[in-house]
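Following: one structure in structure tokens, then a few remarks.
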Amino acid sequence: MDFELRRAREKLEREQKERKERAKLKIEREKKAKQEALRQREALEAAQRARRLDAAEAEAKANQQMEEDRLVGRGVIFSRMLEAMPYQGNGDKIKLPPSCFSELSEQGAFDKGPLHFSLSVIVKDDLSETMNSGSQNRRTTHAGVLEFTADEGSVGVPPHVWSNLFPAETSMLPMVEVRYVWLPKGTFAKLQPDEYGFSDIPNHKAVLETSLRQHATLSEGDMLRVNHGVLTYNLRVLELKPSSSVSVLETDIEVDIIGSDSNPEKANHQVLRPLTFGKSESGAVEEGNYMYYKFVIDDGTWNRISPGDAKIEIRIEPQTQDGDCDIYVSKHPLLFPTQHQHGWSSHDVGSKVLILSSKDLSLGPGTYSIGIYGFKGKTKYQASVNIQDNLKPKVGQQAVSSSSTIDADTVECSNCKHYIPLRTIALHEAYCRRHNIVCQHAGCGVVLRIEEAKNHVHCKKCGNAFQQGEIEKHMKVFHEPLQCPCGIVLEKEQMVQHQSSECPLRLVICRFCGDMVQAGTSAADIRDRLRGLSEHESLCGSRTAPCDSCGRSVMLKDMDVHHVAVHQKS
């Protein structure tokens, strides 16, 4: 009986204990569930709060960007993601799709003056990140618009804009963001040529002005390409005022061009090395190549030369026996004289000397170029330019003339044609016939020593006399046919005349823009032909400019007539 009671009591206690443990576990589970629910609710509220903050921040950024776009575009908001497509053209004007014209027109952009756009590079792989991070680290430049004929989704980019956006070659068609912006008119620009020798161009600021007529904008850091004849120079935009990007349309902008940091030896085209009077420079030239130098005849030097008291001596002393060179000289604006185009030349074998005096009507104050051409092999040389004073007889001293009065007791030698005293004529003629010989070539008649006669030869084409060792070079230089780029074939002297005054492809300085352009054919307008205007000058002179006296807009080619007819200025 007691045993059963004890077992029943133990069983009851055990059950009560199990119920208490189950109740305790239940309470703990409910507590953990409440804590987990609370944690999840807090996490959800935090996520929702973060999303609301991000949305508010994004909305604020969008509103700020829209406000900035509105301010930059003066009320016009235009932005497109377009695929850049290169096209061949001059200047910085892009081609946009027709839909852009409609969007800009609806916002009245055409009523606010010239259209300007900023172009920023976008990497396709990181498009979303790029859009969120802004344009601080994206390569950007500015441009005008040429026309609205591009394919939808693309923008036509000329070489100038393309090279500034993508300085390295790219195998894929990149994306760019095109945004409408308003740019102030530029008042100042500081430029630096990447290549040495840009300042050698005569009136180089006029050449730069001509190049800028093809541009609508300038941006700091951009590279501006300037073409002058066959030469190309790249100028980096260092500083602009009043803004880092400006409009250059219908504005007078002050330009400051500073010197290049590049080494003349590393230039990608020929450069003019300066020569100082009385100081020689050494150099070497390979066969078929040119080395160029320049010297300046200033007003002081010209005042010494013009009365005939002095002359300019250009001397080239080859220091290589196996090589040979020629020299060509030109006055600017012809920067680089060649075999075809030059003012003076020397083709002597060995030392070469060119004498320029005031008797030459082409000589005058200015800058001159010397081209040393490698005729054969590699030639080392010494080049110098000197001022030589002419020796004049003193006052009261009579100069001896070769045409002095012949004495009455002399007679002409039948061999050498010199006048010899009558008492010694027989002895002289006997000696003269044994040792001297007269050249029988028509028009020559020079008296030579018999041992020298074999080296005295005449050109079969022009009849000029040369030494035996010079005739081969003379034939090659003067009588070997040369082909002009226009197609005509002439010998050297006729080719120089042709390319200086007749060839339609010759480069001339436009009297209106100051740039070096091809002469082309005669002007289409009969009045312009009577004025002597070329095809380019006829078109270039049709631009208008305000008269300095009355402010009236007058065509450039009519400005001189306007001054005479209206203002009685001679």
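The values are calculated or read from the model by the stated rules, or taken from the named source; none is laboratory data. These numbers come from a predicted model, not from an experiment. FYI the Cβ positions are ideal-geometry reconstructions off the backbone, even for glycines, and counts take in every protein chain you see. These accessible areas exclude ligands, DNA and RNA; they are computed on the full protein's heavy atoms, side chains included. Shrake-Rupley method; radii C 1.70, N 1.55, O 1.52, S 1.80 Å.
The table below lists the values:
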item: Solvent-accessible area, 1.4 Å probe, carbon plus sulfur percent, for segment 188-257; result: 41
item: The chain - mean residue ellipticity at 222 nm from DSSP helices (-39,500 (n - 2.57) per run, n ≥ 4, rounded to 500); result: -9000 deg cm²/dmol
item: Segment 217-240 and segment 367-392: distance between their alpha carbon centers, rounded to Å; result: 34
item: Cβ charges +1 (Lys, Arg) and -1 (Asp, Glu), total dipole of segment 425-513, debye; result: 20
item: C-alpha long axis of helix 425-435 to longest principal axis of the chain, angle in °; result: 40
item: Relative contact order, percent, the chain [alpha-carbon distance under 8 Å, six or more residues apart]; result: 9
item: Accessible carbon and sulfur surface of segment 273-389 relative to its total accessible area, %, 1.4 Å; result: 44
item: Surface accessible to a 1.4 Å probe, per residue, for the residues of the chain, Å²; result: 60
item: Alpha-carbon centroids, segment 477-532 and segment 104-122: separation in whole Å; result: 44
item: Those lysines that a straight Cα-Cα span of less than 30 Å connects to Lys24, excepting residues fewer than 8 apart in one chain; result: Lys11, Lys32, Lys34
item: Of Lys331/Lys352; Lys185/Lys205; Lys359/Lys492; Lys294/Lys380; Lys279/Lys311, those spanning more than 21 Å from alpha-carbon to alpha-carbon; result: Lys359/Lys492
item: Relative contact order computed over segment 188-257 (Cα-Cα under 8 Å; 6+ residues apart), in percent; result: 49
item: Rounded to whole Hz, the Karplus (6.51, -1.76, 1.60) HN-Hα couplings of segment 548-560, x for glycine and proline; result: 5, 8, 10, x, 6, 6, 9, 4, 4, 6, 9, 5, 5
item: Point-charge dipole on Cβ atoms (K/R +1, D/E -1) for the chain, about Cα centre, debye to 20; result: 1560
item: Percentage relative contact order, segment 408-454, counting C-alpha pairs under 8 Å, at least six apart; result: 27
item: Cα long-axis angle, helix 2-72 against the chain (0 to 90 degrees, to the nearest 10); result: 30
